[in-house]
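Asks: What follows is a single structure, and I will ask about it in a moment.
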Amino acid sequence: MDVRVVTSDNLEQKIAMQMGTIRITPKEFLEQVKRTYHKITKETELTYVERKNMLENCVNKDILEKLEKMRRNL
């Protein structure tokens with residue numbers, strides 16, 4: 001597992017590098033956070049559209065037909 005350190009403090013950077021961690025600038029970290037946020041947002045929007053909480057997705061087909069007949073007063 002990679003350990004990454006985000007800091008602009010030079011002393012902390014040196015200590016972290018001596019311990020074998022990977023240094024990331026605050027600017028690079030912010031860009032990673034933004035990319036990840038947009039990726040997650042896009043994926044969850046697609047998932048939400050695909051998973052609409054509709055009755056037809058939760059109820060037996062026979063029951064749906066009966067409900068439709070009731071709705072149309074047949």
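Any read-out appearing in this document is the output of simple, stated calculations on the displayed coordinates, not a laboratory observation. On a predicted model such as this, the values are computed, not experimentally measured, just so you know. Cβ sites come from the backbone with ideal geometry, for glycine too, and all protein chains shown count toward neighbours.
Asks: Once you put a point 7 Å from the Cα of Ile40 and another 7 Å from the Cα of Met54, both along the Cβ direction, what distance in nm separates them?
Replies: For the pair Ile40/Met54, the computed spacing is 2.9 nm.
Asks: Take the alpha-carbon positions of the chain, form their convex hull, and give its projected area averaged over all directions (one quarter of the hull surface) in nm².
Replies: 8.3 nm²
Asks: Could you tell me how many degrees, from 0 to 90 and to the nearest 10, lie between the Cα long axis of helix 26-50 and the main elongation axis, the longest principal axis, of the Cα atoms of the chain?
Replies: That works out to roughly 10 degrees.
Asks: Given an 8 Å cut-off on Cα distances and at least 6 residues of separation, report the relative contact order of region 4-71 as a percent.
Replies: 22 percent.
Asks: If I fit a long axis through the Cα atoms of helix 61-71 and take the longest principal axis of the Cα atoms of the chain, what angle between them do I get, 0 to 90°, rounded to 10?
Replies: Here the helix axis deviates by roughly 60 degrees.
Asks: Additional query: If Lys and Arg each add +1 and Asp and Glu each add -1, what is the summed charge of the other residues whose beta carbon sits under 12 Å from the beta carbon of Gly20?
Replies: Taking every Cβ under 12 Å from that of Gly20, the sum is +1.
Asks: Same structure, new question: At a 10 Å Cβ-Cβ cut-off, how would you order Asp9, Asp2, fewest neighbours first?
Replies: Fewest-to-most ranking of Asp9, Asp2: Asp2, Asp9.
Asks: Given the DSSP H assignment, sum -39500 (n - 2.57) over each helix run of at least 4 residues in the chain and divide by its residue total; what's the result at 222 nm in deg cm²/dmol, nearest 500?
Replies: Taken over the chain, the calculation gives -20000 deg cm²/dmol.
Asks: Here's another thing I want to ask about it. Count the lysine pairs in the chain whose Cα atoms lie under 29 Å apart, taking only pairs 8 or more positions apart in sequence or on different chains.
Replies: 12
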